[in-house]
Amino acid sequence: MSDTTTQTQLESFSYDDKTVKLFSIATLLWGAVAMLVGVIAAFELANWKVNLGLEWMTFGRLRPLHTNAAIFAFAGNAIFAGTYYSLQRLCKARLFSKALSRFHFWGWQAIIVAAAVTLLAGFSTGKEYAELEWPIDIAITLVWVAFAVNFFGTLFRRREKHIYVAIWFYIATIVTVALLHIVNSLSIPVSLMKSYSLYAGAQDALIQWWYGHNAVAFFLTTPFLGLMYYFIPKAINRPIYSYRLSIVHFWSLVFIYIWAGPHHLLYTALPEWLQTLGMVFSISLWAPSWGGMINGLLTLRGAWDRVRREPVLKFLATAVTFYGMATFEGPLLSIKSVNQLAHYTDWIVGHVHSGTIGWNYFMTAGILFYMVPKLWNTTLYSVKLGNIQFWTGTVGLLLYIVSMWVSGVTQGSMWQAIDPATGTLVYPDFVETVVRIIPMYWVRAIGGTLVLISFLIMIYNLGKTIKNAPKDQPEQVFQAKSIEPSEGGHEKGHRKLEGLPAVFTVLTVLAIIVGTTIEILPSFMANTFVQKNESVKPYTPLELAGRDIYIREGCYNCHSQMIRPLVAERLRYGAPSQAAESVYDHPFQWGSRRIGPDLARVGSKYPNMWHYRHMLDPRAVVPGSIMPSYPWLFQKKSQLEILPKKLQVMQALGVPYSQEDIDTAVANAKEQAEMIAETLAESGVPASIKDKQIIPLIAYLQRLGMDLGTDLKYEEEDKLAEMAAGDDSATDPDSEASGELPAEDAPAEDTEVTQ
Amino acid sequence: MNILLVLIPISVLIAGFFVALFILSSRDGQYDDLETPAFRMLSDDKPFEKTIEKATAKPIQQSIFQAISQENETQYKKVDSGEKS
């Protein structure tokens, strides 16, 4: 019946490859920047002096820049380049709007530059991977919407009825990232470059890691899986191993991924059922992830000789292998008993890099090696350089991952080591566990350098390729039939569904919202999560100012504020953190890594003078410390004038400050600063220190964990005494094995108490 | 934890929705053709530049292209109807 429609006239069209070229070049540029910053940060951990004493070069400032640049600048541009290239070809349509394409490109690059400048200057929201302040967040939203309109506009104008599996992955990316970004970035501005998160404490943690985990899922995974489904078959000129599996892969992945976020918060003050939910879904991710990996690798079956010869396939195949490895490791780390050892250690850092370097960088390299010669109508400059790049990168990455495994397991074991005879920590000084892993930091830094070198080789190779390309190439013209809307009358089910991108988008949104609603909505709806505790009071104005300095310097990159209910942590840091303790923390500062010790109960642990000397030169009080010195905190004046505004915003967010608190904020802060300066004066510090930034920081650090401090302290001492009594029996050689039992039981018992 | 009284029904409802959607779509035959798209994406970006240039000179070339695409389509339909019958 549709014989007449096949006679439809052919339409001529061409592809907007200029946009793809621009994004490809930007990928190369920002990839090098992101990796360079990463390498500098890695060397700073091996030797803190690498920061050259510069404020903006400290690890706390570089690390957010590194993560943001690697994810949003490098991977972001790679996604846009690959998506726009494959989308046009799969849809047989030119990009929807030239103006939108240009706005998308230049807008995104402007955001990256703004991000680099502001992060180095210390403007940070204090939420990992979402550190950018509100004006940049708004810009990101605008550019992302431009991307979405351009994308869907192209999709609606397609000349190929069937929507290939790769495009579904792109759709999931566009929709989910928009949702994640907006929900997590909601905040109230204090000034042009300062805002406070709408959420606090446990709720903020839940939303942040729902975002953080899904940034990995929907920024570093789904778009690259889409690219895999396009570029692997294209590069080898064979269809994907199983198209059926790719559909199963897509639906199961988008449905399961969105629930897995709480695995970043195992053993924290988050409700336990939510932790278990996150763990179960993380383990379920094994199936779809490996399904996708197998689908990609089996596409290469019978053509492995070409993988050996061609850089494109070599990178793509290795990337998929690393994807398989990283998605095996991820669920493993989500198992509570494994997470108990691995959380807060370098194991997580190694895991992340096997994903971002092994999967994202190598995928990007494969895609660029495929696209660049085609875009510039030429051949690759040097296959040999491609191979050298591959081996340099692979060796560098393996050094990185292995050193982080060793470092992570070493440090994790040292933290938890308890002498069964005495029931005390084997390594009570945290710094012992730091000094032990410094050799691994050197190995990691060298591995990272090799990865950077491999990237520079690629820039040279592709630069030469582009330079040698013939000039003034006319745009290639293609022809295809347009699709008739009425033609779909006989098509049913999925075919019809695929023909309706709008419907498809709605379904994807639904799948995502399901996960979102169930995990996040409850935390808004009821305060049953947070055990209200009257003795928890808001920060004083000076402490709040200090907290903002803590966030500015990126202290959360190395220090957690969340003591887990494990015996070793209780011995080392004190009573486990409770959700009630951080109800006024906008944003939460639980942290994710302990390069330095946990600070949740550091308040009153040391005298003011200790903090003074420690911030000036950490090694003066902690020999062997790798923390940078912060001399500028002793020179710069603290800005207290803005405090009334800050308190006002906090009040709007539900923190119980009275109008009087707001009015007297500055005077109150000055008074408290004076008191701290007086205690310092006893040790000979000049009185002029009272208006410097070190004072609010000391005030904040001395407040940490103090609200429930005394109550908990006595409780904790009783418990530890009980445990020690239990351990006495362990000294009896016959019952040595049972000596560990109280230690194993204690966390579970305690979790119940905190709920 | 009163919130569970809201959460559990919602989860069951939504999970049920997806199961229903999957069963419906399977019965509807939406997974009937899971072969051709994988092959089709391979052939679509051969530049027709030369074909087109010649086509304007010799219209025959264009009809060859049409014939090929028509052939693909009829094959495609055969597979479609073949599996349904």
- Item | Hull volume in cubic angstrom per residue (convex hull over the Cα atoms of chain A) | 170
- Item | Residues of segment A:432-448 with amide N under 11 Å of a point placed 7 Å along Cα→Cβ from A:SER413 | none
- PRE reach from A:LYS336 (point 7 Å along Cα→Cβ): which of segment A:245-282 fall under 16 Å by backbone N? A:262-282
- Task: Relative to the longest principal axis of the C-alpha atoms of chain A, give the angle of the C-alpha long axis of helix A:362-375, reported between 0 and 90° and rounded to the nearest 10°.
- Result: 30
- Summing -39500 (n - 2.57) over the DSSP H runs of n ≥ 4 in chain A and dividing by its residue number, what mean residue ellipticity at 222 nm do you reach, to the nearest 500 deg cm²/dmol? -20500 deg cm²/dmol
- FRET efficiency for A:MET675 and A:TRP610 from the Cβ-Cβ distance with R0 = 22 Å, rounded to 0.05, comes out at 0.85
- Shape call, segment A:326-371: gyration tensor on alpha carbons, a/c limit 1.5: prolate
- Would you list A:ASP548, A:ASP663 from fewest to most Cβ contacts within 10 Å? A:ASP663, A:ASP548
- Choose one of A:PHE250, A:ASN295, A:TYR323: the residue whose Cα lies farthest towards the positive end of the charge dipole of segment A:226-325 (beta-carbon charges +1 Lys, Arg; -1 Asp, Glu; about the Cα centre). A:ASN295
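By count of other Cβ within 10 Å, fewest leading, how are A:VAL37, A:VAL402 ordered?
Working: A:VAL37 25, A:VAL402 15.
Final ranking by Cβ density, sparse to dense: A:VAL402, A:VAL37.
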- Query: Suppose R0 equals 35 Å; then what is the FRET efficiency for A:LEU186 and A:GLN639 from their Cβ-Cβ distance, rounded to the nearest 0.05?
  - Reply: 0.90
- Neighbour-count order for A:ILE335, A:ILE348, fewest beta carbons within 10 angstrom listed first: A:ILE335, A:ILE348
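Pick out, in residue order, every one of the GluC sites (Glu not before Pro) in segment A:617-673 that is DSSP loop and has at most 10 other C-beta atoms within 10 Å; say none if there are none.
Numbers: sites: A:GLU641, A:GLU660, A:GLU671; in loops: A:GLU641.
Passing sites in segment A:617-673 are A:GLU641.
Quick check for me: using +1 on Lys/Arg Cβ and -1 on Asp/Glu Cβ, what's the dipole size of chain A about its Cα centre, in debye to the nearest 20?
Working: 59 positive and 63 negative charges, 964 e Å.
With Lys and Arg at +1 and Asp and Glu at -1, about 4620 debye.
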- Note on the structure: The helix A:201-215 Cα axis meets the longest alpha-carbon principal axis of chain A at an angle in degrees, between 0 and 90 and rounded to 10, of 30
- Note on the structure: Label model pair A:GLN659, A:VAL383: point-to-point distance (7 angstrom along the Cα→beta-carbon line) in nm is 8.0
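Between A:ASP718 and A:LYS161, what is the FRET efficiency for a Förster distance of 51 Å, r being their Cβ-Cβ separation, to the nearest 0.05? Walk me through the numbers on the way to the answer.
Values: r = 72 Å, r/R0 = 1.40.
FRET efficiency, A:ASP718 to A:LYS161: 0.10.
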- Item | Inter-site label distance for A:ALA110 and A:PHE13 at 7 Å from Cα along Cβ, in nm | 2.9
- Would you mind checking the tilt of helix A:541-552 against the longest principal axis of the Cα atoms of chain A, expressed as 0 to 90 degrees and rounded to 10? 40
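Report the gain in length on full extension from A:ARG102 to A:LYS464: 0.36 nm times residue separation, minus Cα-Cα distance, nm rounded to one decimal.
127.8 nm
Any read-out appearing in this document is the output of simple, stated calculations on the displayed coordinates, not a laboratory observation. In this text, all values refer to a predicted model and were calculated from it rather than measured experimentally. Backbone-built Cβ (ideal geometry, glycine too); neighbour counts: all protein chains shown.
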